[in-house]
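Report on one structure; see the data block that follows.
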Amino acid sequence: MSVFGPESAALVVAAAIAATAFWRGLGVFLAQRLDTKGAVFRWFSFASFAVLAGLLARLLILPSGELATVGLEVRLGAAVIGVAAFYLSRRNLLIGVASGTLSFALAAGALG
Amino acid sequence: MFSGSSVNYPRYDGVMKPVDFKGGLRAGMRAALGLPTVVLLGSLTGYGALTHDTGFGAGLAVLSTILVWGLPGQIVMSEMYAAGADVLAIAVAVGMANMRFFPMAVSLMPTLAGRNVLVRFAQAQLMSATSWAYVMRASAPETPEARLGYHTGFTCVCVSVAATATLIGYLGAAGLPKPLGLALLFINACFLLLLLLDTRGRGAAVAVITGVVAGIPINMYFPDTGLIITGLVGGTAGFLADGTSRKQAS
């Protein structure tokens, strides 16, 4: 056991780096051929928003691992509180994130 | 929103936007030192604790944050490693969890100055969901030079903070109360939710709503390729909605 851990762990991290860098590189490669006025470029902007929204759905509604141990009502309830605080504070991100996360921690502590 | 061709640079909330690389760099660093720093400190501390419990070394944990630089994929990686999955299966799962970087890089790179491939690879490697969303906000700089500076400054601060937070979480893993550890995992989802609510324009709004609503059943039935399908469906919906609004406007 060193500062990097067992060899198998190092191999796994290297594989994760490569798997992620692949998508970034592919994006750069395609972007070289695009200009910002074109339809393809616009489609990809919207696809990015949709993928991030899909990721959000996964994190909030279909989480894996530790987050799944907390009930759906706690996750959604905390998210609603965060959104409400965000709009009540005239779109202040800090107040929204702090309210949502704090209520999540309190609910997870009280119910868990 | 993306064109840098106009001569009069608009003001946003009464503040003049930077127009050159150096001004953008400063603005990006300033923006990153606010809420993104708080969120990264929270969420990467949680990741650091997770890597500690799954048997990575501290150096490897920090290295994975800096070089993978996509938290959902990192979490998939450490959870699958803990479960004893083989390297190839982990690589595929991480690739699926982090495939968002492909459309994000395509839509970000043409708005940044310079066509040098090495510069663009570096920017794509530094890019995160947060940096992408911040550069897409109405308050971000508009000229390609200032946008390049802004993204560089923003991401360099983010990576530094995240690496530090990973180490803090790794070293302090044992002392973390469980509800707090869970909240640190939640903070990222809450931040992403509000960033997506803060987007402007009909096409983006339709893409986001479609992505969430259609994303739930899609990801339920296709846990591996769900994000790709969600991107195709939601991106096309947003594109069509944007097209009809353009026609009506003209």
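The values are calculated or read from the model by the stated rules, or taken from the named source; none is laboratory data. Because the structure is predicted, anything quoted here is derived from the model rather than measured. Please note: Cβ atoms are built from the backbone with ideal geometry, for glycine as well, and neighbour counts cover all protein chains shown. Ligands, DNA and RNA are excluded from the accessible area calculation, which covers all protein heavy atoms including side chains. Shrake-Rupley method; radii C 1.70, N 1.55, O 1.52, S 1.80 Å.
Average accessible surface for the protein assembly as shown: 43 Å² per residue, computed with a 1.4 Å probe over protein heavy atoms with every protein chain in place. Projected onto its three principal axes, the C-alpha set of chain A covers 51, 50, 23 Å, listed from the longest axis down.
When the alpha carbon gyration tensor of the range B:109-170 is reduced to an equivalent ellipsoid, its three semi-axes come out at 23, 14, 8 angstrom, largest first.
In a simple Cβ point-charge model (Lys, Arg +1; Asp, Glu -1; nothing else charged), the protein assembly as shown has a dipole of about 1260 debye relative to its Cα centre. Per the Kirkwood formula applied to alpha carbons, the range A:70-112 shows a radius of gyration over Rh ratio, Rg over Rh, of 1.02. Accessible surface ranking for A:Lys37, B:Lys17, B:Lys178, 1.4 angstrom probe, highest first: A:Lys37, B:Lys178, B:Lys17. Percent of alpha carbon pairs in the range B:157-221 separated by more than 16 Å? Tail of P(r) above 16 Å: 66 percent of Cα pairs. Tally Lys and Arg at +1 and Asp and Glu at -1 over the other residues with C-beta under 10 Å from the C-beta of B:Gly70: what net charge comes out? That works out to +2.
Shape of the range B:201-250 from its Cα gyration tensor (a ≥ b ≥ c, root eigenvalues): rounded if a/c is under 1.5, otherwise prolate when a/b > b/c, or oblate? Here the range B:201-250 falls in the prolate category. Over every Cα atom in chain B, the radius of gyration and the widest Cα-Cα span, Dmax, amount to 19.0, 61 Å. Of all the options B:Ala165, B:Ala113, B:Ala83, the one that moves most in a Gaussian network model of chain B with Cα springs shorter than 10 angstrom is B:Ala83.
With a ≥ b ≥ c taken as the square roots of the eigenvalues of the C-alpha gyration tensor of the range B:69-166, please select rounded if a/c is under 1.5 and otherwise prolate if a/b is larger than b/c or oblate if it is not? Judged from the Cα gyration tensor, the range B:69-166 comes out prolate (a/c at least 1.5, a/b above b/c).
Interface size, chains B and A: roughly 7600 Å² of accessible area buried, both sides included, 1.4 Å probe, rounded to the nearest 100. The GNM of chain B, with springs linking C-alpha atoms under 10 angstrom apart, assigns the highest mean-square fluctuation among B:Ala173, B:Ala89, B:Ala133 to B:Ala89. With one equal scatterer per alpha carbon and no solvent term, the Debye-computed log10 I(q)/I(0) for the range B:142-250 at 0.12, 0.21, 0.22 1/Å reads -0.71, -1.13, -1.14. The long axis of helix B:144-171 is offset from the longest Cα principal axis of chain B by roughly 20 degrees. Shown here: the protein assembly as shown, whose C-alpha atoms stretch 59, 43, 39 Å along the first, second and third principal axes, sorted largest to smallest. Excluding same-chain neighbours fewer than eight residues apart, the aspartates and glutamates reachable from B:Lys17 by a Cα-Cα span under 18 Å are B:Glu142, B:Glu145. Considering chain B as a Gaussian network with a 10 Å cut-off on Cα pairs, which listed residue, B:Val38, B:Val87, B:Val135, attains the greatest mean-square fluctuation? Most flexible of the set in this elastic network: B:Val87. The packing ranking of peptides B:118-131, B:216-229, B:188-201, highest mean first, is B:188-201, B:118-131, B:216-229, where packing means the average number of other beta carbon atoms within 10 angstrom of each residue.
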